[in-house]
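These notes are about the structure you will find just below.
Every number here is computed from the coordinates shown, using simple stated rules; none is lab data. In this text the structure is predicted, and so the values were computed from the model without any measurement. Every residue, glycine as well, gets a Cβ built from its backbone with ideal geometry; the counts of neighbours run over all protein chains shown.
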2 protein chains.
Amino acid sequence: MAKRYVGIDLGGTNLKLGLVSADGEMMESLSVPTEAQGGPDHVLARMADGVRQLAKKAGIKVDDIAAVGVGVPGPLDSAAGLVYIAPNLPGWVNVPVRDTLQKALGKTVVVENDANAAAYGEFRVGAGRNVSSMFILTLGTGVGGGIIQDGRLLRGASDTGAELGHTIIQYGGRLCGCGNRGCLEAYASATAVVARFREQAAVSDLSRQPDLECKDVFDAADDGNKAAARIVAETAEYLAVGITSIIHALNPELVVLTGGMMGAGDVFLDAIRRHVGALAFPSAWKVCDVRWSTLGGDAGILGAALAAEAFDRTGQRA
Amino acid sequence: MAKRYVGIDLGGTNLKLGLVSADGEMMESLSVPTEAQGGPDHVLARMADGVRQLAKKAGIKVDDIAAVGVGVPGPLDSAAGLVYIAPNLPGWVNVPVRDTLQKALGKTVVVENDANAAAYGEFRVGAGRNVSSMFILTLGTGVGGGIIQDGRLLRGASDTGAELGHTIIQYGGRLCGCGNRGCLEAYASATAVVARFREQAAVSDLSRQPDLECKDVFDAADDGNKAAARIVAETAEYLAVGITSIIHALNPELVVLTGGMMGAGDVFLDAIRRHVGALAFPSAWKVCDVRWSTLGGDAGILGAALAAEAFDRTGQRA
């Protein structure tokens with residue numbers, strides 16, 4: 001039987017699991033509440049149980065699974081599969097995800113940062129499947145990053161590489177959640193888009209909505225709201241500034257954007273491309289492109305599963 | 001006989017050549033005027049002649065040289081050894097450096113960007129000899145960059161990687177030679193230090209000196225000139241901002257600074273370290289350091305020679 005892998009995307013709200021073939025086909029999937037308030041042991045038990053449920057749903061045994069990959073939302077020692085801290089998961093400090101799951105399931109487990117897992121998924125079977133160097137920006141509450149260099153994840157010397165949301169684009173500028181001023185994340189995350197709109201259009205009915213979301217700002221721009229349109233245009237420009245700095249360092253073949261902002265569509269993407277085209281060195285830009293993710297919300301699951309596949313196949317991390 | 005290599009650092013004013021052992025010892029060296037006004041063919045003939053002179057000076061035959069490496073100041077196709085353009089060398093457009101020198105000398109020739117060569121030199125036998133990931137910033141007329149990732153040069157998809165001087169730290173800020181506003185180079189090159197001093201201390205005797213150099217500003221700061229001291233302090237801060245963004249992308253083990261600004265010494269270096277320590281993620285900074293080059297002006301020669309050595313030994317580029 002062809003080998004099959006499980007990818008797990010550990011989110012603060014839901015655990016998403018997928019049974020994935022060696023060539024990256026999603027054969028079966030499952031989403032269960034994380035129940036994060038139960039603490040790390042409870043969540044780890046739910047992850048193991050989710051793998052069993054998924055196997056059952058797919059009509060196979062857990063023993064038929066070759067290896068399991070997990071994408072986690074926080075800094076970690078990826079070689080040891082130890083999560084240092086997960087800000088959105090209560091009690092997650094120094095949690096031995098790999099060892100606990102390996103013991104519970106009797107399977108090889110690999111653990112990756114979630115943005116790295118998404119980057120690896122896009123690289124293997126998504127927008128980047130024809131390139132060997134790329135980076136991803138995940139545009140959500142924050143701005144995450146993942147880098148593929150020569151076909152492998154660039155994790156860095158202490159697993160802190162590809163923190164691309166903390167590229168400083170405007171020193172002394174907007175305050176970022178990390179404590180610095182001027183990070184890309186402080187301008188171009190979904191949260192920052194809403195904050196910038198509220199500041200610039202403080203007197204409008206829309207900006208006063210307490211539950212205003214990034215999507216609402218983009219929708220208002222589409223409907224002709226000039227303040228919203230200006231915020232959207234500036235967001236494309238800020239993203240281009242950060243992307244340009246990273247292109248100047250890495251000279252990659254592709255930049256992949258993902259997250260909720262994908263709903264903004266190709267007009268927004270084209271605006272980003274135009275700005276990068278104006279800012280980046282022509283010799284770098286001529287071999288590069290900026291594209292939306294093709295895997296969307298599945299990138300993390302697929303990437304985690306394929307990181308497990310790579311480790312199972314080569315004995316080396318993805 | 002142990003293998004020997006030649007490294008050539010092609011500058012606008014001088015050609016610097018070194019005979020280098022396989023383990024990076026400089027056995028003999030030579031500097032001759034580039035005579036750039038003579039055009040590419042003349043300069044290439046001088047390079048070949050320089051190799052012959054160097055061999056003679058060392059008491060060996062050209063045939064005793066295993067391979068030759070050249071560092072060039074401009075964008076190139078490093079795989080083909082073709083220099084697209086060298087801004088400081090008249091007439092240098094699409095110059096086949098590798099093929100021409102190989103024919104003239106009957107030796108394997110490799111060609112690298114000069115900042116990449118310097119980075120490789122520091123990595124092999126300089127400040128970075130104990131690390132596997134680092135980047136260099138060359139602080140001169142501009143700010144050049146070179147990246148070592150997993151023990152190899154990160155050249156990028158079109159040999160335009162590591163243009164670290166064009167990390168945008170202040171979008172919309174100072175105009176850079178590249179046409180963008182806010183690049184690190186526009187704040188922290190030797191040229192930018194002088195320009196910023198002239199602007200901020202416009203009425204002083206020192207700032208009116210027509211031949212004012214970066215070193216004069218640093219010396220004045222040492223002598224208690226407050227305007228100069230402020231410029232020096234801000235330069236450390238700007239460098240730290242750019243370094244932090246690059247650390248957040250690459251999470252390297254080391255940052256090496258080189259160029260004329262090395263004369264500023266350890267007080268300046270410590271100021272940079274303090275700022276990076278305040279800006280960079282603790283998990284990235286705890287495994288990293290910022291140090292001065294240990295090879296200084298020889299880094300490019302040694303790096304070019306050792307790039308030739310690596311190619312000779314492995315059949316793959318450094």
Percent of beta bridges antiparallel (DSSP, chain B, rounded to nearest 5): 60 percent
Other protein chain Cβ atoms within 10 Å, averaged over every residue that makes up B:235-246: 3
Under-29-angstrom lysine pairs by C-alpha in chain B, whenever the two are 8 or more apart or on separate chains: 19
Dipole magnitude of the protein assembly as shown about its Cα centre (Cβ charges: Lys, Arg +1; Asp, Glu -1), debye to nearest 20: 620 debye
Of A:LEU10, A:MET27, A:PRO73, farthest towards positive along the dipole that unit charges on Lys, Arg, Asp, Glu beta carbons give segment A:4-89: A:MET27
Exam field: B:ASP77 pseudo-label spacings to other copies (7 Å along Cα-Cβ), nanometres: 4.7
Packing-based exposure ordering (other Cβ within 10 Å, fewest first) of B:PHE311, A:PHE197, A:PHE123: B:PHE311, A:PHE197, A:PHE123
Among beta bridges that DSSP assigns inside the protein assembly as shown, antiparallel share in %, nearest 5: 60 percent
Computed lengthening from B:ARG181 to B:ALA22, 0.36 nm per intervening residue step minus Cα-Cα distance: 52.9 nm
Using θ = phi - 60° and Karplus 6.51 cos²θ - 1.76 cosθ + 1.60, couplings along segment B:123-135 (whole Hz; Gly, Pro as x): 5, 6, 9, x, 4, x, 5, 10, 10, 10, 9, 6, 9
Estimated distance in nm for a label pair at A:SER31 and A:VAL62, the labels positioned 7 Å out from Cα along Cα-to-Cβ: 2.5 nm
Fewest-first ranking of B:THR160, B:THR314, B:THR100, using other Cβ atoms within 10 Å as the exposure measure: B:THR314, B:THR100, B:THR160
Nitroxide proxy distance, nm - points 7 Å out along Cα→Cβ at A:GLU213 and B:ALA229: 5.5 nm
Farthest positive-ward along the protein assembly as shown dipole, Cα basis, beta-carbon charges - from A:THR138, B:GLY260, B:ALA45: B:ALA45
Part-to-part distance (alpha-carbon centres) for segment A:44-71 and segment B:103-148, which is given in Å: 48 Å
Sequence-separation-based contact order of segment A:130-294, relative, with Cα cut under 8 Å and 6+ spacing, percent: 22 percent
Efficiency of FRET from Cβ geometry, B:LEU82 and A:ARG52, R₀ 56 Å, rounded to 0.05: 0.45
Phi to ³J(HN,Hα) by Karplus 6.51 cos²θ - 1.76 cosθ + 1.60 over segment B:20-25, Hz, x for Gly, Pro: 10, 6, 4, 9, x, 8
Teacher prompt: A:ASP205 distances to equivalent labels in other copies, 7 Å Cα→Cβ, nm: 7.0
Counting DSSP beta bridges with both ends in segment A:130-294, the antiparallel % (nearest 5): 55 percent
Residues A:MET134, A:MET27 arranged by fewest to most Cβ contacts within 10 Å: A:MET27, A:MET134
